[in-house]
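To start, the structure under review is shown below, and the notes come after it.
The values are calculated or read from the model by the stated rules, or taken from the named source; none is laboratory data. Just so it is clear, the model here is predicted, and its values are computed rather than measured. Reconstructed Cβ throughout: ideal geometry from the backbone, glycine too, with neighbour counts over all protein chains shown.
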């Protein structure tokens, strides 16, 4: 692979790239032993976009991306092509959106760990502000252990505006707040949700907090007052995933009312 290209892995990242920036996709390598509906859909999208698909042995995929959770699909893309946007990702989904939003995370180790959590629970994207937050540095990418290429990382100019944009698309915004909010395990929320976690020490910024539809706290039964942001993300997202898989995310009696 040349310096002008890079790899992306996994169905969410590659489908979003194909549908909204196909010119930046050079070729796609797929596991030749797979023939399921998800892979066939990706191949159709690639054919429509005029992108070459190369069936290869699973061992070659492992050699291309050691230790990455590639799901049997790897694409080479132009290194300088733009990242996908929030709308790009939402427009590819055939299930309720499941997002992680990071409000001003400064430590690249924490960002990388949050990306790793997002990948593990099957989140569709991680959203963060462009300013007053760490970027996707080499440290963050290394800590993410491949998740930086499987989970779309979307930076936005104005986080509160991006959250309101999500609300117009019926995504429920849930803020994790240590000192207030409903306890995580007794609270209810819809399946289409975005979990917002704040910066180390400072928590959610005021405008971010005010934009949330709901605030939820993680029960703390010991002597420590708070959790590392990546640990908190893991607790919240795995509870949300558990409920999605069991059909228990939505509140009884229909969607929760949104404040106006």
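When region 122-168 is filtered for residues that are within 22 Å of residue 239 (Cβ to Cβ), in contact with a strand residue (DSSP E or B) (Cβ under 8 Å, 6 or more places away or on another chain) and part of a helix (DSSP H, G or I), the ones remaining, listed by number, are 150, 163, 166, 167. Taking region 8-33 as the range and being over 20 Å from residue 50 (Cβ atoms) and surrounded by fewer than 17 Cβ atoms within 10 Å (Cβ to Cβ) as the test, the residues that pass are 32, 33. When residue 53 is tested against (1) modelled with pLDDT under 95; (2) farther than 26 Å from residue 141 by Cα; (3) touching a helix residue (DSSP H, G or I) at 6+ places or on another chain (Cβ under 6 Å), just one condition goes unmet, and that condition is (1). Among the residues here, residue 233 qualifies as in the same structural domain as residue 125 (by TED's automatic domain parsing) and touching a residue at least 60 places away in the same chain (Cβ under 8 Å). Residues that are at pLDDT 95 or above and in contact with a strand residue (DSSP E or B) (Cβ under 7 Å, 6 or more places away or on another chain) within region 169-181 comprise 171, 172, 173, 174, 175, listed in sequence order. Which residues, taken from region 227-247, are part of a loop (DSSP other than H, G, I, E, B) and either out of contact with any helix residue (DSSP H, G or I) (no Cβ under 8 Å at 6 or more places or on another chain) or surrounded by 18 or more Cβ atoms within 10 Å (Cβ to Cβ) (or both)? If the condition is that a residue be part of a loop (DSSP other than H, G, I, E, B) and either out of contact with any helix residue (DSSP H, G or I) (no Cβ under 8 Å at 6 or more places or on another chain) or surrounded by 18 or more Cβ atoms within 10 Å (Cβ to Cβ) (or both), then 247 is the only one that fits.
To keep it simple, each residue is scored yes or no on (1) in contact with a strand residue (DSSP E or B) (Cβ under 9 Å, 6 or more places away or on another chain); (2) under 21 Å from residue 121 (Cα atoms).
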site: 8; (1), (2): yes, yes
site: 19; (1), (2): no, no
site: 54; (1), (2): yes, no
site: 65; (1), (2): yes, yes
site: 69; (1), (2): yes, yes
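For region 171-202, the set of residues classified as over 17 Å from the mean Cα position of the chain (by Cα) and either crowded, with 20+ Cβ neighbours inside 10 Å or touching a residue at least 40 places away in the same chain (Cβ under 8 Å) (or both) consists of 177, 178, 184, 185, 188, 189, 190, 199, 200, 202, listed by residue number. When you look at residue 162, is it touching a residue at least 40 places away in the same chain (Cβ under 8 Å), surrounded by 15 or more Cβ atoms within 10 Å (Cβ to Cβ) and in the same structural domain as residue 220 (by TED's automatic domain parsing), yes or no? Answer is yes for this residue. For region 252-259, state whether one or more residues are at pLDDT below 95 and under 18 Å from residue 95 (Cα atoms). Scanning region 252-259 turns up at least one residue that is at pLDDT below 95 and under 18 Å from residue 95 (Cα atoms). Looking across region 92-119 at every residue that is under 10 Å from the mean Cα position of the chain (by Cα) and farther than 25 Å from residue 209 by Cβ, the one that is modelled with the highest pLDDT is identified as 116. With respect to the conditions (1) surrounded by 19 or more Cβ atoms within 10 Å (Cβ to Cβ); (2) outside the structural domain of residue 40 (by TED's automatic domain parsing), residue 72 lacks only one, and its number is (2). For the condition in contact with a helix residue (DSSP H, G or I) (Cβ under 9 Å, 6 or more places away or on another chain), free of Cβ contacts under 8 Å to residues at least 24 places away in the same chain and surrounded by fewer than 17 Cβ atoms within 10 Å (Cβ to Cβ), what is the one hit in 167, 138? The conditions single out 138.
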